[in-house]
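Asker: The structure is given below, and queries will be raised subsequently.
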Amino acid sequence: MKQMKEYQEIFVRYGGIMRTCELTAEGISYKVLQKLISEGSVEKVKYGYYQWQDERAFSEIAVLEYLFPEAIICNMSALVYYGYTDRMPGEWHIAVDNRTARNKFKLKFPKIKPHFIEGERLDIGVVEGEIDGITVRIYDRERVICDCLRHVNTMDGEIFNIVIQRYIRDERKNAAVIMEYAKKLGVEKKARRVIGVWL
């Protein structure tokens, strides 16, 4: 059996998370894997996915990015990223193609809330961001605000008002882009009524 350091180095090469097929390819048998789990060195993330555990424990966002590289950080998670709300969600909000199988998002860790978006709307406003040193796909400010306008009836009124006020005060806001997105996402009237007067 390899030394613990050797197993750790193998996991690090894979970004801290390995699939069953990768473990097999690296010569880590089921028996060895179970031993590593029982010792607390490895933790099962979901069926077929295992994460190395140490003092540098890999963040939730690292796991999220590994499992769902196509996902886009959206909704409340994106609002926190831009500083538009201080209300931390209890789960990661991600946008994915509405043709994606629903069952793949049932995880104990990290907790996620998938938003299934139609293909033609999915990529509107996607940019790169950085969370905990991990590069992620995330909706830009204008897309996040348009999504808030789309869901204004289901959003907490106080949160919505704070979000809009912080966006209006944001020097990086872009009036032309928000109106362009609003038209594509079917919230042009709401954008003009709620935000237009401030822009």
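Asker: With the cut-off at 27 Å, tell me which of the pairs 104/189; 5/31; 104/183 have Cα atoms farther apart than that.
Answerer: Values: 104/189 36 Å; 5/31 18 Å; 104/183 32 Å.
Pairs exceeding 27 Å: 104/189; 104/183.
Asker: Just want to confirm a number: the relative contact order over the stretch 63-180, from Cα pairs under 8 angstrom separated by 6+ residues, in percent. Mind showing how you got there, number by number?
Answerer: Numbers: 147 pairs, mean separation 29.7, N = 118.
Averaging sequence separation for qualifying contacts and normalising by length gives 25 percent for the stretch 63-180.
Asker: Now for a separate question. May I ask you to compute the full-extension gain from residue 151 to residue 5, defined as 0.36 nm times their residue separation minus their alpha-carbon distance, rounded to one decimal in nm?
Answerer: Values: separation 146, 0.36 × 146 = 52.56 nm, distance 4.92 nm.
That pair, residue 151 and residue 5, stretches by 47.6 nm at full extension.
Asker: Determine the dipole magnitude for the chain: charges of +1 sit on the beta-carbon of Lys and Arg, -1 on that of Asp and Glu, nothing else is charged, the reference point is the Cα centre, and the result goes in debye to the nearest 20.
Answerer: On the way: 32 positive and 29 negative charges, 136 e Å.
In debye, rounded to 20, the chain gives about 660.
Asker: Rounded to the nearest 500, what is the 222 nm mean residue ellipticity of the chain from helices alone, with -39500 (n - 2.57) per DSSP H run of 4+ residues and division by all residues?
Answerer: Numbers: 10 runs with 82 residues, N = 199.
Computed ellipticity for the chain at 222 nm equals -11000 deg cm²/dmol.
Asker: Just add up the charged neighbours of residue 61: K/R +1, D/E -1, any other residue whose Cβ is under 11 Å from the Cβ of residue 61.
Answerer: On the way: positive: none; negative: 60, 65, 130, 132.
Combined, the nearby Lys, Arg, Asp and Glu give -4.
Asker: Of the DSSP beta bridges with both residues in the chain, give the percent that are antiparallel, rounding to the nearest 5. Numbers along the way, then the final one.
Answerer: On the way: 15 of 22 bridges.
Just about 70 percent of them are antiparallel.
Asker: Each residue of the stretch 105-116 in order: what ³J(HN,Hα) in whole Hz does its phi give by Karplus 6.51 cos²θ - 1.76 cosθ + 1.60, θ = phi - 60°, with x for Gly and Pro?
Answerer: 9, 7, 10, 7, 8, x, 6, 10, 10, x, 10, 8
Asker: In whole Hz, with x marking every Gly and Pro, tabulate ³J(HN,Hα) for the stretch 127-138 from phi via Karplus 6.51 cos²θ - 1.76 cosθ + 1.60, θ = phi - 60°.
Answerer: Using θ = phi - 60°, the values come out as 9, 9, x, 10, 10, 6, x, 9, 6, 10, 8, 8 Hz.
Asker: Could you put 135, 20 in order, starting from the residue whose Cβ has the fewest other Cβ atoms within 10 Å?
Answerer: The order, fewest Cβ neighbours first, is 135, 20.
Asker: Rank 179, 88, 18 by mean-square fluctuation in a GNM of the chain with C-alpha springs under 10 angstrom and give only the top-ranked residue.
Answerer: So, out of 179, 88, 18, the one fluctuating most is 88.
Asker: Still on this structure: With an 8 Å cut-off on Cα pairs and a minimum separation of 6 or more residues, tell me the relative contact order of the chain in percent. Please list the in-between numbers first.
Answerer: Working: 232 pairs, mean separation 30.5, N = 199.
It comes to 15 percent, rounded to a whole number.
Asker: A further question on this structure: Using a 10 angstrom cutoff on alpha carbons, build the Gaussian network for the chain and name the most mobile of 167, 14, 84.
Answerer: Of 167, 14, 84, the Gaussian network model singles out 14 as fluctuating most.
Asker: If amide H atoms are built 1.01 Å from N in the plane of the peptide, which residues on other chains or at least 5 residues away come under 5 Å of the amide H of residue 42?
Answerer: The answer is 37, 53.
Asker: So for 168, 178, fewest C-beta neighbours within 10 Å to most, what's the order?
Answerer: In increasing order of surrounding Cβ atoms, one gets 168, 178.
Asker: Students often get this wrong, so try it: which of [x] 1.23; [y] 1.19; [z] 1.58 is Cα Rg over 2.2 N^0.38 Å as calculated from the structure shown?
Answerer: Label of the calculated value: [x].
Bear in mind these aren't lab numbers, they're just calculated from the coordinates by the rules spelled out. Just so we're clear, the structure is a prediction, and the values are computed from it rather than from any experiment. Glycine gets a Cβ as well: all are built from the backbone with ideal geometry, and neighbour counts include every protein chain shown.
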